[in-house]
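I have placed the structure first, in the form of structure tokens, so that the comments after it can refer back to it.
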Amino acid sequence: MKALITISTFALLMINSISAFSVSSAAQEAGLQAQTAARETITLHASPEVYALTGTLVSAFDAAHPEFNISLQNLAQQNMNWPEGLSIVTEKDIAKIPGTPWKTGVARDALVPFLNASNPLLEQISREGLTSQDFARLFTRPETENWGTIIGGGSQQVAHIFLPADETQRKHLSAFAGVEVSALKGELMASGEEMLAAVQKDPYAIGFCDITGLTDPVTNGFYSQIRVAPVDKNQNGKMDGFEKIYSNREEFIHGVWLGKFPVSLCTSLFAVAPAQPVNTGEIAFLEWLVSDGQQYLTSAGFSELTSIQKESAIEALAPQIAVTEAKDETTRSSWWIIALITLFVAGLMYVPVFVARRKKGEVLLQNLQVSSSISEQALTAPAGLFFDKTHTWAYMEKEGLVKMGVDDFIQHITGPLTRIMMKTPGEKIRKGEVAVTLIRDGKQLNLYAPVTGTIRQVNKNLESNSNMVNSSPFNEGWIYQIEPKNWLKEIQYLLMGTQYRDWLKEELIRLKDFFADSSQKNSLVYSHVVLQDGGEITDHVLADMGPDVWEDFQTEFIDQSR
């Protein structure tokens, strides 16, 4: 009897819901048709430097979205007064906006110094780098400066300077070197192609081109005939670990986004507004801009957002996208009716089952899917190994060589690795120097050597199967065999057994604090804090984070422990 009453009540509720929904849908449908009769107009503003580019973007968006009409306004005509609504500006313009504006990055470019790959001095330049003062001397006295006076070594070869004819790019060089634009001396090149060809013909030349201009469309890497000239950003006469971003295009772009390349040589493009956009057309334009619109930005010389950066941009728009989609929900009334009928039928089928189970005394359990988390119990720390506070381990083998690897903590943090950058056998390494770089989808962490010595063997298996570091960090996933130089002295600073376990507890506490702080700035970070488990952190927590979070983790958990 109770089951019959339940079924009848449920049926009445469904019928009433469907009837009410049908009536409201008819009224809403009529209103929607009236709204869409005219194209929605969006007012978009652009700073003078990117006004022409924004015009190209608007034209492409209008063609793909005829339901919207964008009116583009030049901020120069408003004396850079910041109106309500959406604007496309460069990074330097953001400081002029009053208050704390909403913003999201949509593209970035860099004016890159590059050399001929056959330059005989390339090894020394790569080791020492070139400072902004070096470039100032090259720009202002090219007729008297040679490579010997710039980097030492006695070379009398003249450094041939090729400058971009574009005035905006030369202003970037002027700001970087700290000299007037009028003082820049060198042969002007009308295009990136001309610049590239000139440097490829001259082993002692140096040119300047945007990232896209140096990218081989076949390999999607830098052209093999050139090398990016490393910039000694902190001007200490050597390329420190954090400055080493020049080995390949992927790593270089990553470094540019993280601010490891001189800001004066970069152009960042942002979409900004006084507050987070809620207008339907603005949301649609921003979604398009970080997805299909990227092709038009790359055509203009900008670097396309990485997949993670695109996801982060969409994440920032998520609440507004949900609101926008809710406004259009009335156009799908028939689907809702079908869904309600389906629920009704399911209810009819489920109630008898529920009653039968209750009679048998069964308890229905909700199947909850809980993310695994990082805990002290989940981390492995084999006895007999020495652990360094930069999350590497060392073990003395019978033959006298020290095997080195990555601890379990770090592989639980990064998630499955996609690549590992290792040194080569015969290289000497000092305790505290960068020993290995762990990479996941372009994001990376640098880990430091726990001991000083000479690398005798490298685990070649990791070149084709970097996941071995995750699946077996203490066995098949080892990194190097090192011939130690100061083993007995250096192991005094390493941790073992209970000492390491106690330190690991502190690291886990610090990890929670780190992500709790990060979650206030990034909702994607917040989603990885498992509050149901008492604030524990989900396994592989960094895997889907953006490069900025990886950079912060590098600074807080690895660099500070050296």
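Quick note: the coordinates plus some simple rules give every number you see, no bench work behind them. Source: prediction; values computed, not measured. Here Cβ is always computed from backbone atoms with ideal geometry, including for glycine, and neighbour counts include all displayed protein chains.
Structure summary
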read-out: Cα shape, segment 413-475, gyration tensor, a/c 1.5 rule; value: prolate
read-out: Gyration tensor verdict on segment 213-289 (Cα atoms; rounded if a/c is under 1.5, prolate if a/b is larger than b/c, oblate otherwise); value: oblate
read-out: Residue order, fewest to most beta carbons within 10 Å, for TYR493, TYR480; value: TYR493, TYR480
read-out: Lys pairs, segment 386-498 - Cα-Cα below 20 angstrom, 8 or more residues apart or on other chains; value: 21
read-out: Positive minus negative residues near GLU167 (Lys, Arg vs Asp, Glu; Cβ under 14 Å); value: -1
read-out: Computed label-point distance, nm, for sites ASN461 and THR168 using a 7 Å Cα→Cβ extension; value: 5.2
read-out: Order of LEU297, LEU72 under a 10 Å beta carbon neighbour criterion, fewest first; value: LEU72, LEU297
read-out: Under 23 Å from LYS185, Cα to Cα: lysines that are on another chain or at least 8 residues apart; value: LYS171, LYS201, LYS233
read-out: Shape call, segment 109-266: gyration tensor on alpha carbons, a/c limit 1.5; value: rounded
read-out: Cβ-Cβ FRET estimate between GLU507 and SER472, R0 fixed at 30 Å, reported to 0.05; value: 0.90
read-out: Charge context of THR219, other residues only, Cβ under 13 angstrom, K/R +1, D/E -1; value: -1
read-out: Percent of Cα-Cα distances greater than 23 Å, calculated over segment 386-498; value: 20
read-out: Centre separation in Å (Cα based) which lies between segment 376-412 and segment 445-522; value: 6
read-out: Set of segment 227-241 residues, backbone N closer than 11 Å to the point 7 Å along the Cα-Cβ line of GLN124; value: none
read-out: Hits among aspartates and glutamates - C-alpha to C-alpha of LYS310 under 19 Å, sequence gap 8 or more where chains match; value: GLU91, ASP109, GLU250, GLU251, GLU282, GLU287, ASP292, ASP441, ASP544, ASP548, GLU551
